[in-house]
Amino acid sequence: MILKYLAPSLAQFSKTKQSKILSTFKKDVIQKLRNDFEIIDEQITVNNGNKFVAVEINYPTFFSCAEALRPHILLGLTVAELLLSPVNLPVSSMINQVAKRQVEISNIGCINPVENAADKLSAITWRIAERVMG
């Protein structure tokens, strides 16, 4: 799961200051995740001045897993500028949807599905190429 988040106010700071701000954010997120999940430092990847953070989140498994599937949840956080205008949408949990309850967030700016689809297509293209090359 890759989450993109926008931080337009970062643009006013130097790259060093941006990296420090994002480092603090990264540490806060990881600490919150560690409250509920086992996260090993070696399973945290950081690139691009803390603008990209990937965290492998381990969880208990009860069944054998296909070799092609990850044995963990990969959470990626990316600071990026949107290429397309955001789309305002309601956000609801699956539990609320099944229970036919009202949405928890009635309106929030979300990445345009076209931009998200382009990112996913790019990611799978790289994965296929890596797998073919070995």
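Taken together, the values in this text are just the output of simple stated rules run on the coordinates, not laboratory data. These numbers come from a predicted model, not from an experiment. Quick reminder, even Gly has a Cβ in these numbers, built from the backbone with ideal geometry, and neighbours come from all protein chains shown.
The table below gives the values:
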| quantity | calculated |
| --- | --- |
| Farthest toward positive dipole pole in region 1-81 [+1 Lys/Arg, -1 Asp/Glu at C-beta], among Phe13, Val79, Cys65 | Phe13 |
| Ranked Leu89, Leu75, criterion: other C-beta atoms within 10 Å, fewest first | Leu89, Leu75 |
| ³J(HN,Hα) computed for each position of region 81-96 - Karplus, 6.51 cos²θ - 1.76 cosθ + 1.60, integer Hz, glycine/proline x | 8, 6, 8, 10, 5, x, 10, 7, 9, x, 10, 9, 6, 4, 4, 5 |
| Within the chain, longest stretch free of exposed GluC sites (Glu not before Pro) [DSSP loop, at most 16 other beta carbons within 10 Å] | 1-37 |
| Listed residue (Val132, Asn112, Val55) projecting farthest to the positive dipole end of the chain, Cβ model | Asn112 |
| Exposure proxy order (Cβ contacts within 10 Å, fewest to most) of Cys65, Cys110 | Cys65, Cys110 |
| Net charge dipole size for the chain [Lys, Arg +1 and Asp, Glu -1 on Cβ; Debye, nearest 20] | 320 debye |
| DSSP bridge pairs, region 1-81: antiparallel proportion in percent, nearest 5 | 70 percent |
| Computed over region 1-81: relative contact order in percent, which uses C-alpha pairs under 8 Å that are six or more apart | 42 percent |
| Region 1-118 shape via C-alpha gyration tensor axes, a/c threshold 1.5 | oblate |
| 13 Å Cα-Cα reach of Lys51 towards aspartates and glutamates, excluding residues that sit fewer than 8 places from it in its own chain | Glu81 |
| Residues whose placed amide H lies under 5 Å from that of Ala7, excluding near-sequence neighbours | Ala80 |
| Partners for Lys20 among aspartates and glutamates (Cα-Cα distance below 15 Å; same-chain residues under 8 apart left out) | Asp28 |
| Computed magnitude of the charge dipole of region 84-134 (debye, nearest 20; Cβ of K, R +1, Cβ of D, E -1) | 200 debye |
